[in-house]
Amino acid sequence: MPAQVSVLKAQLEELRESARRRHLRVVEGVAFGLPGEDVFHCFSTRPSYQPHGSPLPCFFVMQEGGRLPTELPRTLASLRAADKSPVVIVPFNGLDAPTAFIGTAMSERATLHLLCPLDDAASRSRGLLESGMLATRRVLIAGLGSFGSTAAVELAKAGVGSFALLDMDRLEPGNVTRHECGLADVGRWKTLAVRDAILARNPAAKVDTFELDLNTRLDLVCEEARRSDLVICVTDQARSRFNCNVAALSAARPALFARAITRATGGDVFRMRPGGPCLSCLFNQGLSMGEDEVASERAAAERTPDYAPPGSAVQAQPGLACDIAPLVQMLVKLALVELAPRGIGHWERLREDLAAPFYIWANRRDDIYRDWQAMDYLYNRNSIMRWYGVRVPRDSSCMSCSMS
């Protein structure tokens, strides 16, 4: 099998223009290779995301008139090209297809892939979603745990072009069983790790990160809410969720709130639209909401009473990733409904289908769902593994609504 070489199309176009202007013939770049797989990702400039593999030099050779300089192998050797260095031949005319070789002798031809993330995303989504429209949309995501990290990446895949990411935590080893990021990101700020996961899907995305406790910077949260088309709050604190609710209300922006309860026994997703019921209205209804899931060491420490003896901290007890998945996917679908342009038939029908502001999901008959029915063949009674839309009226005495 020939070696596989991938190059970002946008970088090739920029390189061709720069080389013509500066009269360059050979440009050194960096490649990331996967040992034992003969797979190389080549870059003329360092990419906005962190590629897999080990770095090694690669070279872009500008070809004019269909000919390559006879002294090219000697030139590459003088530039300390490695035995496995990829060499990408870039025709100046922009009409002929670029080619790739491995090594300075250029005797091993490689298969070249041009990566066009935006074009590819648009072509795959066309007919379902106007991806070009989503490129102008901006989403604020507060909380980048199992919910927020997955939602961010799914929205990037759908074509959302701009993000504001807020979180105060670093990735812990125990997070990776449910998180979009893995062991290689342990110790990093979640904001930066998720930023790289977004850019790996869409290198053209604009991602602003804020490593802070949003409860202490409400001015910034309100400003970012005004700059965004949608606010998504998936923090593990009631206080931060209510503060995001106020920020979204003050900015007159729609907001989504999602959470799992008690080891992901189930969970819920709530949508707030300007003029409709807000998060405070929901909790003013006196519904039995269940206890938030304790999914991190910080959240566990916050649940421990101040008078508790040393060493008696509550244990973090997160549920399984597969129990989180249906909640996150509903969150993402509701986000796309808010972001998608008007007038597209299937999205208009989905807006009609998802008219309720509040959605409840039960994974198993436990905790507050212990008296629910098994899924079985039921369709007319509360059972597990089904979504339920709930009416929530706006509370005329709601303090949050009255302040907006």
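The values are calculated or read from the model by the stated rules, or taken from the named source; none is laboratory data. Fair warning: this is a prediction, and the values are worked out from it, not measured in the lab. Using ideal geometry, Cβ is built from the backbone for each residue, glycine included, and neighbour counts are taken over all protein chains shown.
Going through the stretch 244-268 one residue at a time, which ones are surrounded by fewer than 24 Cβ atoms within 10 Å (Cβ to Cβ), among the aliphatic types (A, V, I, L, M) and either modelled with pLDDT of 90 or more or not assigned by TED's automatic domain parsing to the domain that holds GLU224 (or both)?
VAL246, ALA251, ALA252
Restricting to the stretch 380-404, give me the number of residues that are under 34 Å from the mean Cα position of the chain (by Cα) and either modelled with pLDDT under 85 or not in a loop (DSSP other than H, G, I, E, B) (or both).
12
Tally up the residues in the stretch 359-379 that are within 16 Å of ILE261 (Cβ to Cβ) and part of a loop (DSSP other than H, G, I, E, B), please.
Number of matching residues: 7.
Among GLU180, GLU211, GLU224, which is closer than 28 Å to ARG263 by Cα and surrounded by 16 or more Cβ atoms within 10 Å (Cβ to Cβ)?
GLU180
Residues checked against (1) farther than 21 Å from ALA325 by Cα; (2) without any contact (Cβ under 8 Å) to a residue 60 or more places away in the chain; (3) outside any loop (DSSP other than H, G, I, E, B); (4) of a type in the set (Lys, Arg):
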{"site": "GLY174", "(1), (2), (3), (4)": "no, no, yes, no"}
{"site": "ARG178", "(1), (2), (3), (4)": "no, no, no, yes"}
{"site": "ALA184", "(1), (2), (3), (4)": "yes, yes, yes, no"}
{"site": "THR191", "(1), (2), (3), (4)": "no, yes, yes, no"}
{"site": "VAL194", "(1), (2), (3), (4)": "no, yes, yes, no"}
{"site": "LEU199", "(1), (2), (3), (4)": "yes, no, yes, no"}
{"site": "ASP208", "(1), (2), (3), (4)": "yes, yes, yes, no"}
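Could you say whether any residue in the stretch 278-293 is out of contact with any strand residue (DSSP E or B) (no Cβ under 9 Å at 6 or more places or on another chain), closer than 20 Å to ILE368 by Cβ and at pLDDT below 70?
For the stretch 278-293, residues out of contact with any strand residue (DSSP E or B) (no Cβ under 9 Å at 6 or more places or on another chain), closer than 20 Å to ILE368 by Cβ and at pLDDT below 70: present.
Across the stretch 34-53, which residue is surrounded by the most Cβ atoms within 10 Å (Cβ to Cβ) among those that are modelled with pLDDT under 90 and over 24 Å from the mean Cα position of the chain (by Cα)?
If we take residues in the stretch 34-53 being modelled with pLDDT under 90 and over 24 Å from the mean Cα position of the chain (by Cα), then ASP38 is surrounded by the most Cβ atoms within 10 Å (Cβ to Cβ).
Assess whether ARG259 counts as being on the phi < 0 side of the Ramachandran plot, of a type in the set (Lys, Arg) and either in a helix (DSSP H, G or I) or over 20 Å from the mean Cα position of the chain (by Cα) (or both).
So ARG259 does not fit the description; no.
Among (1) over 15 Å from SER6 (Cα atoms); (2) without any contact (Cβ under 8 Å) to a residue 24 or more places away in the chain, which single condition is THR75 missing?
The failed condition is (2).
Determine if the stretch 18-30 includes at least one residue that is under 21 Å from ASP196 (Cβ atoms) and not in a strand (DSSP E or B).
Checked the stretch 18-30: no residue is under 21 Å from ASP196 (Cβ atoms) and not in a strand (DSSP E or B).
Are there any pairs, at least 6 apart or on different chains, whose C-beta atoms fall under 8 Å, with the first in the stretch 269-285 and more than 21 Å from PHE147 (Cα to Cα) and the second among the β-branched types (Val, Ile, Thr), and if so, which?
PRO277/VAL392; CYS281/VAL392; GLN285/VAL392
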